[in-house]
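The values are calculated or read from the model by the stated rules, or taken from the named source; none is laboratory data. Just so we're clear, the structure is a prediction, and the values are computed from it rather than from any experiment. Glycine also receives a Cβ, built like all others from the backbone with ideal geometry; neighbour counts cover every protein chain displayed. With ligands, DNA and RNA removed, areas are computed over all heavy atoms of the protein, side chains included. Shrake-Rupley method; radii C 1.70, N 1.55, O 1.52, S 1.80 Å.
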Amino acid sequence: MAFERNEILAAHYQDTYELTYRFWAQRNRLFVSLLVLIGLAIVLTYRPNDANPIFIDFVAKCLAVSDTGRMSELQHSFPFAILHDVLLMLIFFLTVNLFHRSLYVLRNFAYLGALERELRIALEIEPHDLAFSREGDFYWKDRPQMLATNKYVYVLLLGVLLIGFLGGRMYQDFHASNWLLLTGDLIVGLPIALYYGGYAGYTLKLDSSRIITQAHTEMSPGAS
């Protein structure tokens, strides 16, 4: 009976690790995609005279437009305001998904570390042995300081870009007295800021060995 239980625990640990790894890869791709999209939006916001013609050339190439007259018409009639709104919505979508994936990954790695301790006890592994300590004690014992600062760099980098983009959008719409677009910026920008705050807060909070110890303490019999 004990052997079957331990086998089930080990299989559950492996399945959880594989699922967490897939979500970790998705989170990384989302983060890079979000940075690229915000960078594009910032260029279109702050340097429209330089960026808009390049964007029109790209659209014309995709649509196989080569006539000079149609190029000029496309340049003057393209709905850049709608493009900015689409970019804003895409940034919102990616920010929400980044928050979700990051929270899932951080919680799962903490769960794996706590599960390793249960496995070590169930399998009667000696404290000096390394088996089932990869995501827990072994990782946190020799974790390089550079890895500990990664989360601050990521949070700061994304925050600066978001502030630059949202601040620029709102300032330009306010300066142009475009109250409709400004209202849209506020309606979408506020949730973006909230989800970014959640991403930043949980990233800084959950990336810690204390979470594993806390999980064991709260789940222990008699814990208040």
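The one condition from (1) open to solvent by less than 90 Å² (accessible area, probe 1.4 Å); (2) over 30 Å from residue 91 (Cβ atoms); (3) not in a helix (DSSP H, G or I) that residue 124 does not meet is (1). When region 30-51 is examined, which residues are found to be surrounded by 13 or more Cβ atoms within 10 Å (Cβ to Cβ) and under 15 Å from the mean Cα position of the chain (by Cα)? The answer is 30, 31, 33, 34, 35, 37, 38.
How about region 130-224: which helices (runs of 4 or more DSSP H) wholly inside it have at least 2 residues that are modelled with pLDDT of 85 or more and either in contact with a Ser or Thr (Cβ under 9 Å, 6 or more places away or on another chain) or surrounded by 13 or more Cβ atoms within 10 Å (Cβ to Cβ) (or both)? Outline the logic, then answer.
Numbers: elements: 137-141, 145-175, 179-206, 210-219.
Result: 145-175, 179-206.
Of 117, 107, all but one fail to be open to solvent by 50 Å² or more (accessible area, probe 1.4 Å), under 17 Å from the mean Cα position of the chain (by Cα) and over 20 Å from residue 192 (Cβ atoms); the exception is 107.
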